[in-house]
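Each value in this text was obtained by applying a stated rule to the coordinates, not by laboratory testing. Just so it is clear, the model here is predicted, and its values are computed rather than measured. Positions of Cβ are generated from backbone atoms using ideal geometry, with glycine treated the same way; all protein chains shown enter the neighbour counts.
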Amino acid sequence: MTTSFGPSYVRAIAPYVAGKPISEVAREFGLDEANIVKLASNENPLGMPESAQRAMAQAASELGRYPDANAFELKSALSERYGVPAEWITLGNGSNDILEIAAHAFVEKGQSIIYAQYSFAVYALATQGLGARAIVVPAVQYGHDLDAMLAAITDDTRLIFVANPNNPTGTFIDGPKLEAFLDKVPRNVAVVLDEAYTEYLPQDKRYDSIAWVRRYPNLLVSRTFSKAFGLAGLRVGFAIAQPELTDLLNRLRQPFNVNTLAQAAAIAALNDTAFLEKSAALNAQGYRRLTEAFDKLGLEYVPSDGNFVLVRVGNDDSAGNRVNLALLKQGVIVRPVGNYGLPQWLRITIGLPEENEAFIAALEKTLAAA
Ligand SMILES: Cc1ncc(COP(=O)(O)O)c(C=O)c1O
């Protein structure tokens, strides 16, 4: 007898592939953990800000009780920072949680969700997980084709995911283009604007998406504490949207989806502008170093506005996995992106200067041996 537990659309899902943990690579390749460099999950190479560590240590004595389900203090801090009422904010267990909740809150089984080819893997997972129909719009130069995404809207489309900057390609859509797009999206179609990497944008590329939330009742802006704020392991993200959308999210959200330590750390990180500036500066410096090395090696890469770079490491479809394996043997963990339909490419998270150098040396050695 064949097993057929669960809906067929759930059985059809290919589970998310996360970056390999350092301990696993150490075991698999017989390496010392201390010599392994992980540039695979777009984490902040500076780690967690000290201000957040102190806030967590203080909050630890409260762990016998449930977290504040309404996260009053964190929402107040976010409300002040972004100039929106606290009622417009929804917290998530990472912004991944926000993306999932939004899909479930806005879309019914059988309706359609639009996202771009090569955009963040969770959009496909969220779509499949609720038995919705995915409309995947071909990318242009590895980024979103907003006109084609508008043209792809059908009567049953209820949600469009847009990642800006996008992961894994690092592509960026400028503010005026995004605004023109939002203006044309029908009001019964929600737009989730996923800005997980927005804090890395240089000043001249920044735009005011929160002002758009005030103008467009169908817009949800999603942000995270996992990247520039340095709290990936704690899992905190948030959505900003008008009350109609926020109210729906709150009906589906788990009451205690952001734990006590995470709430305390996020408040501290939010106020730690020095850490944020240091993270962005380190990232810009690392980006210059990595792309300079790729230029020297004659490797194609996609210009990136995130904390990572997508680089083409060969012209055959086994190149990504082959070079990845060679790097792993040298203790460097990066991310193969064959699951995104990019088998000739690897995604490299920008690390500390010494981590970037270790990666470049290992890559040079690998390519020289090929
Ligand atoms: C574009 C994008 N959105 C959302 C996320 C989810 O991050 P988190 O759940 O840690 O907030 C990621 C993580 O890599 C991402 O790249």
Note down the relative contact order for segment 50-271 as a percent, whole number, built from C-alpha pairs under 8 angstrom at least six residues apart. 30 percent
Placing +1 at every Lys and Arg Cβ and -1 at every Asp and Glu Cβ, with all other atoms neutral, what dipole size does the chain have around its Cα centre, in debye to the nearest 20? 460 debye
In whole Hz, with x marking every Gly and Pro, tabulate ³J(HN,Hα) for segment 198-211 from phi via Karplus 6.51 cos²θ - 1.76 cosθ + 1.60, θ = phi - 60°. 4, 5, 8, 5, x, 3, 6, 9, 5, 9, 9, 6, 5, 4
From the phi angles alone, apply the Karplus equation (6.51, -1.76, 1.60; θ = phi - 60°) to segment 94-107 and give each ³J(HN,Hα) in whole Hz, x where the residue is Gly or Pro. x, 6, 3, 4, 4, 4, 5, 4, 4, 4, 5, 7, 9, 10
Based on the Cβ-Cβ distance from A18 to D204, what FRET efficiency comes out when R0 is 30 Å, to the nearest 0.05? 0.35
Counting sequence-distant residues (5 or more places) and residues on other chains, those with an amide H built under 5 Å from that of A163 are D194
Nearest-5 percent of antiparallel DSSP beta bridges in the chain? 50 percent
Relative contact order of the chain: what whole-number percent is it, with Cα pairs under 8 angstrom and at least 6 residues apart? 23 percent
Quick one: net charge of R289's neighbours, Cβ under 15 Å, K/R +1, D/E -1? -4
If amide H atoms are modeled at 1.01 Å from N in the peptide plane, then the residues at a separation of 5 or more from A116, or on another chain, having amide H under 5 Å from its own are V137
Per-residue HN-Hα couplings for segment 76-87, Karplus 6.51 cos²θ - 1.76 cosθ + 1.60 at θ = phi - 60°, whole Hz, x for Gly and Pro? 4, 5, 5, 4, 5, 5, 9, x, 10, x, 4, 5
Local charge sum around Q203 (other residues, Cβ-Cβ under 15 Å, Lys/Arg +1, Asp/Glu -1)? -4
For L352 and D147, extending 7 Å from Cα along the Cα-Cβ vector and measuring point to point gives, in nm, a value of 4.7 nm
GluC sites (Glu not before Pro) restricted to DSSP loop in segment 56-128 with at most 13 other C-beta within 10 Å: E108
In terms of modelled amide H atoms, which long-range or inter-chain residues lie less than 5 Å from the amide H of Q111? R133
10 Å Cβ shell holding at most 16 others, DSSP loop, trypsin sites (Lys or Arg not before Pro): longest site-free stretch of the chain: 207-370
Considering the convex hull of the alpha carbon atoms of the chain, report its projected area averaged over all viewing directions, in nm², one decimal. 20.3 nm²
Count the net charge of all other residues whose Cβ sits under 9 Å from the Cβ of V221, scoring Lys and Arg as +1 and Asp and Glu as -1. -1
Taking L46, L63, L342, L91 and counting other C-beta atoms within 10 Å, the order from fewest to most: L63, L46, L342, L91
The chain - mean residue ellipticity at 222 nm from DSSP helices (-39,500 (n - 2.57) per run, n ≥ 4, rounded to 500): -12500 deg cm²/dmol
Using the 10 angstrom Cβ neighbour count as an exposure proxy, how do W212, W345, W88 rank, fewest first? W212, W88, W345
Pairs of Cα atoms under 8 Å, at least six residues apart: use those to get the relative contact order of segment 277-370, whole percent. 29 percent
